[in-house]
Amino acid sequence: MGKNISAIVAHAAVILAIIITLGLVGAFMSGADAGAGSEKFTGELEQGAVLKVLENDTAKRQGYFDELLAAFNEEYAQYGISAVDANLSESTDLEQDGPYGYGPDVLYQENDKLMRYVDGRHILPLPVNDIECFDEVSETAWKAFLADDGSGSQGVFAVPVNVQGPLLYYRKDLLPENWQQEWDDDGDGICDILQYWTDMYRFSLERREESGGKQFGYMRSFLEPYFSLGYLYSYGGYTFGKDNTDPSDIGHSAGEAEKGAYIIKQLAGAMDERCIDDSVTTGAYSAIASGEFFATITTPDVYTMFVDEMKAAGYDDEFIAENLVAADIPMLPASGDLTDESQGFIPCKMMGGVNGYAISSYTNYPNAALAFVNFATSYEMISLRNEMLGISPARQDVAEEVQGSSAIISNNLAEGNIVVMPSIKENAQIWTPLQTLFQDLARDAYRRPGEIKYDTLEKLKQALVDVDKQIYDAIFTLA
């Protein structure tokens, strides 16, 4: 499959994804008791309630959380109900703090963090039919918070706010001036550097060489497995079996996942050794602003960080809007070799997640907390969150309204090109082994010829098999 056919197939997949997405929660409704909740939700607001709300640091830093609290407090002043900042770290552990009264009433976190609280009943199953956004959120997003509620029935433990999925952020003004002649082999009017990893790889090598190692094409740290696992998924790997619910079946080495490991090693060779540690991640915003980096991959909720650095570098709003661009992830070569296009291209899958609001089981104000969650996930507040933070809304009506990167994320979620991270507690055991391996793969690009560890696909396969065993042992043997 060549570049032209790959582009046609990708376009057809987007259309199919839109059709699937329009179904929204029909299958979800038939497969789970979406109204399952807790007897604590009586519908009677607890007057005088002061809700402690845990939000993420970006929402605080960019001022959105203050806007949300002010709007809610104005709306619910008539009931004597208010919400305040819980003044806790975004990584606070409700399991440790909640029983002693130190935890928040409402908490906003990623699905993997929230759902680890289900087993100990630290968060409440919610009466989601009472949530205004229920019909506006896709089945896939709701399923990230679906689990046994402890009675043998399925319950929903959080309300989706935004879908996290990586996007390619790049400087449009740094594209080659002749890209229409030299970098558009499929003739679709879009630079191939943005569409195919083979071209991004070649461009990155050229930019580094021509600048004497002072400028780079694509840069991304391999310290965070979240942004690299998708290369394994693209070639048949997976984290847990049974739709990420069976921790006894670990499959990062499944299929031809070794090709994805080879992709990681090759990409590292187009960067420099900073990709092995965290300096690329922490410096990416300023490096994009200065033009040192042409492109990186990250999630939409940090878009404003790029904007802030661009402004600090002296660029005005018009230039930033025109030249700081978010795009879909490029397609991968089916061969797994970034120098070989002969076998065509496949979509690049990426790990994603769903952030949402949950309610603590230890709250004294469950009905007021539910009112806050309903307010915070309203059309108006999710629209404002998108405007101020650049999130990809879980609400389909907002996503359709704002389009842009939100439409890309929404389509990728529907197509299956965003693989939502597991919502089971065992997911916590995958990160360290994978981080160690991915860093070692990146180091291989800088080892001397006689010291290279992964010079065949067979050795890459074995490394993945070993990682799966380490994860299994951490879950079942060492725990």
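The values are calculated or read from the model by the stated rules, or taken from the named source; none is laboratory data. Since the structure is predicted, the reported quantities are computational estimates derived from the model, not experimental observations. As a convention, Cβ positions derive from the backbone with ideal geometry for all residues, glycine included, and neighbour counts pool all protein chains shown. Please note that ligands, DNA and RNA were not included when accessible areas were found on the heavy atoms of the full protein model with its side chains. Shrake-Rupley method; radii C 1.70, N 1.55, O 1.52, S 1.80 Å.
Hey, can you tell me all the residues within the range 330-360 that are among the β-branched types (Val, Ile, Thr) and open to solvent by less than 20 Å² (accessible area, probe 1.4 Å)? Within the range 330-360, 354, 359 meet the criteria. Among residues of the range 243-272 being out of contact with any Gly (no Cβ under 6 Å at 6 or more places or on another chain), of a type in the set (Gly, Ala, Ser) and in a loop (DSSP other than H, G, I, E, B), the one that is least open to solvent (accessible area, probe 1.4 Å) is 270. Regarding residue 285, is this residue on the phi < 0 side of the Ramachandran plot, open to solvent by 10 Å² or more (accessible area, probe 1.4 Å) and in a helix (DSSP H, G or I)? When the stated conditions are applied, residue 285 passes them. So is residue 312 buried (at least 20 other Cβ atoms within 10 Å of the Cβ) and on the phi < 0 side of the Ramachandran plot or not? In short, no.
Table: residues versus (1) more than 25 Å from the chain's Cα centre (by Cα); (2) acidic (Asp, Glu); (3) closer than 23 Å to residue 266 by Cα.
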residue	(1), (2), (3)
162	no, no, no
167	no, no, yes
170	no, no, yes
195	no, no, yes
199	no, yes, yes
210	yes, yes, yes
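Considering the range 77-105, and only residues there that are open to solvent by less than 40 Å² (accessible area, probe 1.4 Å) and touching a residue at least 60 places away in the same chain (Cβ under 8 Å), the residue that is nearest to residue 116 (Cα to Cα) turns out to be 94. Within the range 203-220, being among the charged types (D, E, K, R) and part of a helix (DSSP H, G or I) holds for 206, 207, 208, 209, 210.
Only residues that are open to solvent by less than 40 Å² (accessible area, probe 1.4 Å), over 13 Å from the mean Cα position of the chain (by Cα) and not acidic (Asp, Glu) were counted across the range 417-444, and they come to 11. Residues satisfying the criterion are absent from the range 395-411 (criterion: of a type outside the set (Asp, Glu), modelled with pLDDT of 90 or more, in a loop (DSSP other than H, G, I, E, B) and buried (at least 24 other Cβ atoms within 10 Å of the Cβ)). Here residue 355 clears all of (1) among the polar types (S, T, N, Q); (2) over 24 Å from residue 125 (Cβ atoms); (3) in a strand (DSSP E or B) except the condition numbered (2).
One line per residue, one yes/no per condition, for (1) at pLDDT 95 or above; (2) touching a Pro at 6+ places or on another chain (Cβ under 8 Å):
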site	(1), (2)
183	yes, yes
186	no, no
212	yes, no
218	yes, no
235	yes, no
257	yes, no
266	yes, no
269	yes, no
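Scan the range 226-242 for residues that are assigned to a helix (DSSP H, G or I), in contact with an Asp or Glu (Cβ under 9 Å, 6 or more places away or on another chain) and of a type in the set (Gly, Ala, Ser) and the total you get is 1. The lone criterion from (1) modelled with pLDDT of 95 or more; (2) assigned to a strand (DSSP E or B) left unmet by residue 326 is number (1). Only one of the listed residues (58, 42) is at pLDDT 80 or above, touching a helix residue (DSSP H, G or I) at 6+ places or on another chain (Cβ under 8 Å) and open to solvent by 70 Å² or more (accessible area, probe 1.4 Å). That residue is 42. Out of everything in the range 135-171 that is among the β-branched types (Val, Ile, Thr) and open to solvent by less than 40 Å² (accessible area, probe 1.4 Å), what residue ends up being farthest from residue 427 (Cα to Cα)? Filtering the range 135-171 for residues that are among the β-branched types (Val, Ile, Thr) and open to solvent by less than 40 Å² (accessible area, probe 1.4 Å), the one farthest from residue 427 (Cα to Cα) comes out as 137. Scanning the range 329-349 for residues that are in contact with a strand residue (DSSP E or B) (Cβ under 8 Å, 6 or more places away or on another chain) and part of a loop (DSSP other than H, G, I, E, B) gives 329, 330, 334, 340, 341, 343, 344, 347, 348, 349. Kindly evaluate residue 246 against the criterion of being in contact with a strand residue (DSSP E or B) (Cβ under 7 Å, 6 or more places away or on another chain) and of a type in the set (D, E, K, R). So residue 246 fits the description; yes.
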